[in-house]
Amino acid sequence: MNYLLPVLAVLLSFAFIFLTKPRSRKEVRLLLAFSGAFLLALTVFELLPEVFAGPDPRLSGIFIMLGILLQIFLEFFSKGAEHGHVHMQNESNTFPWLLFISLSLHSFLEGIPVEKHGSILYGIIVHKVPIALVLSIFLLHSKMERYLAFMFMLFFSMMTPLGTFFAANSNWADTYYLPLTSLVIGVFLHISTVILFESSEGHSFNIRKISVIILGIAVAYLM
């Protein structure tokens, strides 16, 4: 199930957009807010205590900061797709390689801690669904051929399971598990906090968004 669920989350989201053909992402904003809070809370409750209980907490802190910097770097190419925004126009019918590579690296890394922390899988899935919805809207309303859009989403859906498989079957991943997990924590912290900041855009009080954020934290705590 660790390998199948992320694939299904992405492909079913793509199928939903393909069949319903919405042009707006307004409907997924609440889901994005929930996913950001849920992922952040799981990171704090599950992953942070593990890496800081290791033999070198300072090294873990360094890799967390490197993860934040890595995600900032990746977003120069993905244009914010990891947190539900694709700030770009696809005016050609060619495959968007830079977007694909940056999202794939992000997804591969986030699959690494799943091998030892099954609950993180649910945070990743809840995170992937709104991202896949927004990404599908972008791809299907671009000039790209439909089969290329499907291939993009298919290969993208496989990256997280590949990260989990790598962590489960690689001696290198096992040896450097704590630094790699710390790197992923940095990625998660950046993405989840950006989602939460953007969900409070305008700094106006929104009871619905506050409610889903609290719900996301509570569900993560109870898992």
Exercise for the section: Would you mind finding the one in Gly61, Gly84, Gly36, Gly80 that is at pLDDT 95 or above and among the small types (Gly, Ala, Ser)? Expected result: Gly61
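When you look at Gly54, is it out of contact with any Gly (no Cβ under 9 Å at 6 or more places or on another chain) and at pLDDT 95 or above, yes or no?
On the way: out of contact with any Gly (no Cβ under 9 Å at 6 or more places or on another chain): yes; at pLDDT 95 or above: no.
Considered against the rule, which asks whether it is out of contact with any Gly (no Cβ under 9 Å at 6 or more places or on another chain) and at pLDDT 95 or above, Gly54 comes out as no.
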Exercise for the section: For Gly118, work out the one condition from (1) more than 25 Å from Lys209 (Cα to Cα); (2) open to solvent by less than 30 Å² (accessible area, probe 1.4 Å); (3) at pLDDT below 90 it doesn't fulfil. Expected result: (2)
Handout entry: Close pairs (9 angstrom Cβ cut-off, 6 or more residues apart or separate chains): among the aliphatic types (A, V, I, L, M) and open to solvent by less than 70 Å² (accessible area, probe 1.4 Å) in segment 72-93, assigned to a loop (DSSP other than H, G, I, E, B) and at pLDDT 70 or above anywhere
Key = Val86/Lys79; Val86/Gly80; Met88/Lys79; Met88/Gly80; Met88/Pro96
Exercise for the section: Looking only at segment 134-158, count how many residues are within 22 Å of Tyr3 (Cβ to Cβ), hydrophobic (A, V, I, L, M, F, W, C) and either in contact with a His (Cβ under 8 Å, 6 or more places away or on another chain) or at pLDDT below 90 (or both). Expected result: 1
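The values are calculated or read from the model by the stated rules, or taken from the named source; none is laboratory data. Because the structure is predicted, anything quoted here is derived from the model rather than measured. Glycine gets a Cβ as well: all are built from the backbone with ideal geometry, and neighbour counts include every protein chain shown. The accessibility values were calculated without ligands, DNA or RNA, using every heavy atom of the protein model including side chains. Shrake-Rupley method; radii C 1.70, N 1.55, O 1.52, S 1.80 Å.
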